[in-house]
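What follows is a single structure, written as structure tokens, with notes after it.
The values are calculated or read from the model by the stated rules, or taken from the named source; none is laboratory data. In this text, all values refer to a predicted model and were calculated from it rather than measured experimentally. Here Cβ is always computed from backbone atoms with ideal geometry, including for glycine, and neighbour counts include all displayed protein chains.
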Amino acid sequence: MKLADLEVFVVGNPPPGGGGRYFIFVKLTTDCGIVGYGEVYAAAIGPVAMQVVIEDVFARHMQGENPENIEKMFRRVYSSGFTQRPDPTVMGAFSGMEIACWDILGKAHGRPVYALLGGLMNERLRSYTYLYPMAHHDVDAFWYSPEMAAESAAEMVAIGFTAVKFDPSGPYTIYGGHQPAMRDISLSVAMCKAVREAVGDKADLLFGTHGQFTTGGAVRLAQSIEPYQPLWFEEPVPPDNMGALARVSGGTRIPVATGERLTTKGEFAQAVKVGGASILQPATGRSGGILESKKIAAIAEVYNAQIAPHLYAGPVEWAANIQLGANIPNLLMVESILTGGGFHSELVKGTIRWEEGYVLTPTAPGLGIEFDEELARSNPYTGSRLHLEMQEEGCAYSGANGFAGGAPVGKDSGD
């Protein structure tokens, strides 16, 4: 069995847009006709350029290879161009195709991917979601309203979630780490207070940031929200500064989480060993794929750390995260986009089941999904924007910060 063909789908994500502007899916076909699907979570270049990278990585390192030889293909990609280090764009391209290889292998053997990784550990996976506006909320005002956040959190708990995430702490800018504005600290405290009062002890609070703070600024913010007992403080400083992460970890009682922007076991090992992270968040469409993420989980296990696979992408990466989560002993929870319904569910024909706060581990072969190629082709993304984009303006200290995320709904010109 050899890898013969590749097809790339760049799929526009319609409103409400949870998971980013678009999704990049890959389809690999073997010479004996077995098809596997994967998803690339790499956002540093535009979709046209990213498709070229994916095609180059496939032709150069994977085409004609047995899909079983994942280790060999990984080493080719990791070492390409004399680098011997992870390039996040190239590794993102490989990660999506690595997922597709596992889908092929599972289908070839008639078994779920987790069965090929060592078997089943978790029959259902605890799930969390970001808080999103409800139907009657003002979408622009929601991100700065403790009252709306509390109402959304209460609704999520009512349908079964036991953990909710929100990130009210200010803009993600192209500048290096910044000190949070006092308004942003105050809003963060108010948001934590309101959400905690709304959910009581029925749910964990997950406090998100996106690498935007200086070390001292992150510690100030963390200590301000400690009374509300967040389960984690996510990516408080730039992701490649492990010394800064260690100082934040030592400066707060909140467990520190990181990993959305990291790739391969070497970076994750530093995050837990040097940075003191106690929760690692690999995104399988960027981390190196499913096997590399299993190795990351093993490293975390040695350091008594847990895994919470990251998801701000589409349902195929979610399916890969679920296969990983089903297999590892140190799973904390998996991220979901709400309950995975709407366009996400339609793309995989409803094959991922969410029930009362948990994802049910699939039993079908491969990733356990049915990918709807017709739906994907009928929703192409034709713009040139990045999947997520940083703010060019720095943090505002004399006025309110008005950043609503890297792909705000209704503000994309679709150019």
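Brief remarks on what is shown
- Taken over the range 87-113, the criterion of being acidic (Asp, Glu) and under 14 Å from LEU291 (Cα atoms) is satisfied by GLU98, ASP103.
- Helices (runs of 4 or more DSSP H) contained entirely in the range 73-158, each with at least 2 residues that are farther than 18 Å from ALA297 by Cα and β-branched (Val, Ile, Thr): 88-109
- None of ILE159, ILE174 is β-branched (Val, Ile, Thr) and under 20 Å from GLU389 (Cα atoms) except ILE174.
- Residue check for PHE94: surrounded by 22 or more Cβ atoms within 10 Å (Cβ to Cβ), under 20 Å from the mean Cα position of the chain (by Cα) and farther than 20 Å from GLY383 by Cβ: yes
- Residue within the range 73-81 that is surrounded by 19 or more Cβ atoms within 10 Å (Cβ to Cβ) and either at pLDDT below 95 or of a type in the set (Lys, Arg) (or both) present: no
- Every condition in (1) surrounded by 21 or more Cβ atoms within 10 Å (Cβ to Cβ); (2) closer than 20 Å to LEU231 by Cα holds for PRO180 except the one numbered (2).
- The number of residues in the range 307-342 being surrounded by fewer than 24 Cβ atoms within 10 Å (Cβ to Cβ), in contact with a strand residue (DSSP E or B) (Cβ under 9 Å, 6 or more places away or on another chain) and either of a type in the set (Gly, Ala, Ser) or in a helix (DSSP H, G or I) (or both) comes to 2.
- Within the range 245-255, the set of residues being over 16 Å from MET333 (Cβ atoms) and either of a type outside the set (Gly, Ala, Ser) or touching a Pro at 6+ places or on another chain (Cβ under 7 Å) (or both) comprises LEU245, ARG247, VAL248, THR252, ARG253, ILE254.
- Exclusive hit being in a strand (DSSP E or B) and touching a Ser or Thr at 6+ places or on another chain (Cβ under 7 Å), set VAL189, VAL164: VAL164
- Condition broken by ILE99, with the remaining ones in (1) crowded, with 24+ Cβ neighbours inside 10 Å; (2) closer than 19 Å to ALA44 by Cα; (3) β-branched (Val, Ile, Thr) satisfied: (2)
- Listed by first and then second residue, the pairs with beta-carbon distance under 7 Å, at least 6 apart or on different chains, first residue in the range 103-120 and over 17 Å from LEU360 (Cβ atoms) and crowded, with 17+ Cβ neighbours inside 10 Å, second at pLDDT 95 or above and among the basic types (Lys, Arg), are LEU117/LYS294.
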